[in-house]
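The block underneath contains the structure these notes are about, expressed in structure tokens.
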Amino acid sequence: MNNMIIIPAIYEGSRDLKDKTKKLTFGTNEVTPEQAANLQLMVQEFCYLAVKMEPFTGEQQEVINDLKSDIDAFGKSPGQRMRAVLYRLWEQVPEGYDDFNLYYQFKMEQLINHIKTKLHD
């Protein structure tokens with residue numbers, strides 16, 4: 001599969017989701033069989049989306065193609081994984097916290113302070 005698929009499209013709108021992300025909707029003209037196959041291979045995969053009103057230059061395409069993600073095999077960044085794990089821990093052992101955000105701040109501060117003790121002056 002080609003690393004990058006560029007398809008002219010019309011941005012039709014977006015919808016806010018519960019987790020504060022957005023669901024974007026685009027309409028395209030008819031796609032080639034190769035484009036359709038490549039798009040199908042990307043279903044439920046993390047990818048970058050670049051949108052602009054005029055065609056991308058060769059230099060812009062190179063920049064986009066060279067982007068690297070901090071998303072891992074689980075589909076989350078290390079920070080997202082940490083938050084998810086802390087949430088599961090809070091569900092099981094809330095340590096007196098009724099609000100996860102307060103618990104998260106407390107646990108992150110504990111972790112930061114622990115790491116700071118390991119630093120040399």
- Query: What tally of residues in the stretch 75-100 results from selecting those that are exposed (fewer than 11 other Cβ atoms within 10 Å of the Cβ) and either in contact (Cβ under 8 Å) with a residue 60 or more places away in the chain or touching a helix residue (DSSP H, G or I) at 6+ places or on another chain (Cβ under 6 Å) (or both)?
  - Reply: 0
- Query: Of the residues Tyr104, Tyr48, which single one is farther than 30 Å from Ile6 by Cβ and not acidic (Asp, Glu)?
  - Reply: Tyr104
- Task: Name the residue, out of Tyr48, Tyr103, that is surrounded by 10 or more Cβ atoms within 10 Å (Cβ to Cβ) and touching a helix residue (DSSP H, G or I) at 6+ places or on another chain (Cβ under 6 Å).
- Result: Tyr103
- Query: Does any residue of the stretch 77-89 turn out to be under 16 Å from Tyr48 (Cβ atoms) and either assigned by TED's automatic domain parsing to the domain that holds Gln44 or modelled with pLDDT under 95 (or both)?
  - Reply: yes
- In the stretch 24-57, how many residues are modelled with pLDDT under 85, farther than 20 Å from Tyr11 by Cβ and not charged (D, E, K, R)? 2
- Task: Report, ordered by the first and then the second residue, all pairs with beta carbons closer than 9 Å, sequence separation of six or more or different chains, a first member in the stretch 58-73 that is outside the structural domain of Gln44 (by TED's automatic domain parsing) and modelled with pLDDT under 85, and a second member that is surrounded by fewer than 10 Cβ atoms within 10 Å (Cβ to Cβ) and basic (Lys, Arg).
- Result: none
- Enumeration of residues in the stretch 4-56 that are of a type in the set (Phe, Trp, Tyr) and part of a loop (DSSP other than H, G, I, E, B): Phe46, Tyr48, Phe56
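The values are calculated or read from the model by the stated rules, or taken from the named source; none is laboratory data. From a predicted model like this one, the values you see are computed outputs, not experimental measurements. Cβ coordinates were reconstructed from backbone atoms using ideal geometry, including for glycine residues, and neighbour counts include every protein chain displayed.
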